[in-house]
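There's a structure below that I have some questions on.
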Amino acid sequence: MENQVKQAYEAAKSLYAQHGIDTDEVLKKLAEIKVSVHCWQGDDVKGFLNKDGELTGGISVTGQYPGAATTPAELREDLEQAFSMIPGKHKVNLHAIYADTDEQVELDRIEPKHYENWVKWAKEQGLGLDFNPTCFSHEKSSDGFTLSHSDPEIRKFWIDHCKASRRIGAYFGEQLGQTCVTNVWVPDGFKDNPVDRMTPRKRLKDSLDEVFAEKLDPKYHLDAVESKLFGLGSEAYVVGSHEFYMGYGLQNDTLICLDAGHFHPTEVISNKLSSLALFTNGILLHVSRPMRWDSDHVVIMDDELLEIARELVRHDLLPTTHIGLDFFDGSINRVAAWVVGTRNTIKALLRAMLEPVDALKSAELQGDYTLRLALTEEFKTYPFGAIWDYYCAQQKVPVREQWIAEIKTYEQEVLLQRDKSFV
């Protein structure tokens, strides 16, 4: 297999070289890209601070595949297994509810010490950490409102939680030497038509101003805000709309998070990148697959994923774009879901980096749309798979579908042992 992979790579390398594409350099650049892998795929967004709590906030995970992580140690074990099959060194995206502590602590009182085991583990694994306040699945969010709540005491609780989350994110960045992005998303909204759309948005703006008032070193910490079109229980009106957060992010130099599943079914985030990039210093992405709007399916290498990758590569946006994943599927092996989604995201970036971008731009500028179309189509069958196989071998992770057998072994030896009915 090793010789076959090498031979196929050399043959593909020569083909790409004819168009001025240095595949060795491409793989060096690819290895520098970090994808933020979301921890919540591993346990169906339950977390560890309130294990018996109901999942709310318009979030729903379907399926009861055995082996979901039930402790921080199990979740880290599963993540290690996933990363052993994913080329490159990446990041883990934590939600606040994934604290690793025996202490009974409320969300507005969380501190870096409650995540120290995550920091220690990330150092050992050579990983970065990102963070998110958890403004859902809590008694103080049961009516669907948090930072825009009409009750000042409840609003203060969520403000304090977000403040605490930012400090934890800054701690992650300082300890790991990698910038931590702390992303604020809230589920606030009405199920049916509201009379007053303005006042909740005014409250949300004021709350965010208070949350972000403390200045943190951007070397270690960046803030982001995330919009949504609608959610379960907020079908008629979401306080934090795209327009709201675009305005807020631009006015306050805060990263704007584009989630692939948070827009109208006919909208795509790939088409928004070039516009947003002209007015911001960076972008946060939540790459997902909205099969039926925000259904958060495992990322596959479909047209939209490829278009996202192409936009990032063609316009040199990778240095200022933070790529995170956001899907959760409880109907399949959860570790495999991480592997499939992350490998596909990296594959799409590789495929975009293996396109003759300069030649395509030149043809377009000269009005040679025939050449643009013809070259684009021909490159769809160029042997990027041979480059990917070589990259996986180079990074010492399984080549092609070899990882599936490893996942099956891990399932038998680890995941099924967690469920007594399968032992």
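All of the numbers you see were taken from the coordinates with simple rules; none came from a lab. Given the structure is predicted, the values throughout are model-derived calculations rather than measurements. No Cβ is skipped: glycine too gets one built from the backbone with ideal geometry, and neighbour counts run over all protein chains shown.
Please list 3J(HN,Hα) in residue order for the stretch 372-379, calculated via the Karplus relation 6.51 cos²θ - 1.76 cosθ + 1.60 where θ = phi - 60°; whole Hz, with x for glycine and proline.
Per-residue couplings from phi come out as 4, 5, 4, 5, 4, 5, 4, 5 Hz.
Right, next: If you plug each phi of the stretch 122-128 into the Karplus form 6.51 cos²θ - 1.76 cosθ + 1.60 with θ = phi - 60°, what whole-Hz ³J(HN,Hα) values come out, in order, with x for Gly and Pro?
Values, residue by residue: 4, 4, 5, 8, x, 10, x Hz.
Next question, about the same structure. Distances over 43 Å make up what percent of all Cα-Cα pairs in the chain? Please list the in-between numbers first.
Details: 11431 of 89253 pairs.
That fraction is 13 percent.
Here's something else I'd like to know. Picking from V186, V105, V238, which is most flexible by a Gaussian network model of the chain using Cα springs under 10 Å?
Among V186, V105, V238, the largest GNM mean-square fluctuation belongs to V105.
Could you work out how far helix 303-314 tilts from the main Cα principal axis of the chain, as a 0 to 90 degree angle to the nearest 10?
Compared with the principal axis, the helix lies near 80 degrees.
Run the numbers for N271 and H315: contour at 0.36 nm per residue of separation, minus the present Cα-Cα distance, in nm.
Details: separation 44, 0.36 × 44 = 15.84 nm, distance 1.23 nm.
Extra length from N271 to H315 when fully extended: 14.6 nm.
Here's a follow-up. At 7 Å along the Cα-to-beta-carbon direction for both H297 and Q7, put a label point, then send me their distance in nm to one decimal.
So the label points at H297 and Q7 sit 3.8 nm apart.
Oh, and also: What size of dipole, in debye to the nearest 20, comes out for the stretch 76-117 about its Cα centre when the only charges are +1 on Lys and Arg C-beta atoms and -1 on Asp and Glu C-beta atoms? List each step's numbers first, then the result.
Numbers: 5 positive and 10 negative charges, 70 e Å.
Dipole of the stretch 76-117, to the nearest 20 debye: 340 debye.
Which residues make up the longest stretch of the chain that has no trypsin sites (Lys or Arg not before Pro) in a DSSP loop with at most 10 other Cβ atoms within 10 Å?
On the way: sites that count: K215, R292, K396.
Answer from the scan: 1-214.
Where both partners of a DSSP beta bridge lie in the stretch 33-353, what percent of those bridges are antiparallel, to the nearest 5?
Counting DSSP beta bridges with both partners in the stretch 33-353, the antiparallel share is about 10 percent.
Here's a follow-up. Among P356, T182, H95, whose Cα lies farthest out toward the positive end of the dipole of the chain, if unit charges sit on the beta carbon of Lys, Arg (+1) and Asp, Glu (-1)?
So the residue we want is P356.
Just to check I understand the Karplus step: with θ = phi - 60° and J = 6.51 cos²θ - 1.76 cosθ + 1.60, what whole-Hz values come out for the stretch 33-42, glycine and proline as x?
7, 10, 9, 8, 8, 6, 5, 6, 5, x
In addition: So how strong a dipole does the stretch 295-359 carry about its Cα centre when Lys and Arg Cβ are +1 and Asp and Glu Cβ are -1, to the nearest 20 debye?
On the way: 6 positive and 11 negative charges, 65 e Å.
In debye, rounded to 20, the stretch 295-359 gives about 320.
Given H placed on each backbone N at 1.01 Å, which residues far from C180 in sequence or on other chains put an amide H within less than 5 Å of it?
G173, H221, L222
Rounded to the nearest 20 debye, what is the charge dipole size of the stretch 33-353 about its Cα centre when +1 sits on each Lys and Arg Cβ and -1 on each Asp and Glu Cβ?
Values: 34 positive and 48 negative charges, 168 e Å.
Using only the charged Cβ atoms, the result is roughly 800 debye.
Shifting gears a bit: Could you work out which residue, out of A224, A393, A405, moves most in a Gaussian network model of the chain, that is, has the largest mean-square fluctuation with Cα springs under 10 Å?
Judging by the Gaussian network model, the answer is A405.
Counting each DSSP H run of 4 or more residues in the chain as -39500 (n - 2.57), what helix-only mean residue ellipticity at 222 nm follows after dividing by all residues, to the nearest 500 deg cm²/dmol? It would help to have the intermediate numbers written out before the result.
On the way: 14 runs with 176 residues, N = 423.
Taken over the chain, the calculation gives -13000 deg cm²/dmol.
Once Lys and Arg get +1 and Asp and Glu get -1 on their Cβ, which of V335, Y16, I404 lies farthest toward the positive end of the dipole of the chain?
Y16
Need one number: nm distance between label points at Q125 and S84, each 7 Å from Cα along Cα→Cβ, rounded to one decimal.
Spacing of the two 7 Å Cα→Cβ label points: 1.2 nm.
Oh, and also: Give me the distance in nm between label points sitting 7 Å out from Cα along the Cα-to-Cβ direction at E139 and F279, one decimal.
Between E139 and F279, the simple spin-label model gives 4.2 nm.
What does the extension gain come out to for K202 and E214, with contour length at 0.36 nm per residue minus their alpha carbon separation? Don't skip to the answer; put the middle values down first.
Numbers: separation 12, 0.36 × 12 = 4.32 nm, distance 2.00 nm.
Roughly 2.3 nm would be gained on extension.
Normalised by the residues of the stretch 33-353, what does the relative contact order come to in percent, with Cα pairs under 8 Å and at least six apart?
Contact order relative to length: 21 percent.
Using 0.36 nm per residue of separation minus the Cα-Cα distance, give me the extension gain between A236 and A17 in nm, one decimal. Each step should come with its number before you reach the end.
Details: separation 219, 0.36 × 219 = 78.84 nm, distance 5.31 nm.
Length difference between fully extended and current span is 73.5 nm.
Could you tell me which residue out of H38, T70, I308 lies farthest along the dipole of the chain toward its positive end? Charges go on the beta carbon: Lys and Arg +1, Asp and Glu -1, centred on the Cα centre.
Sorting the options by dipole projection puts first I308.
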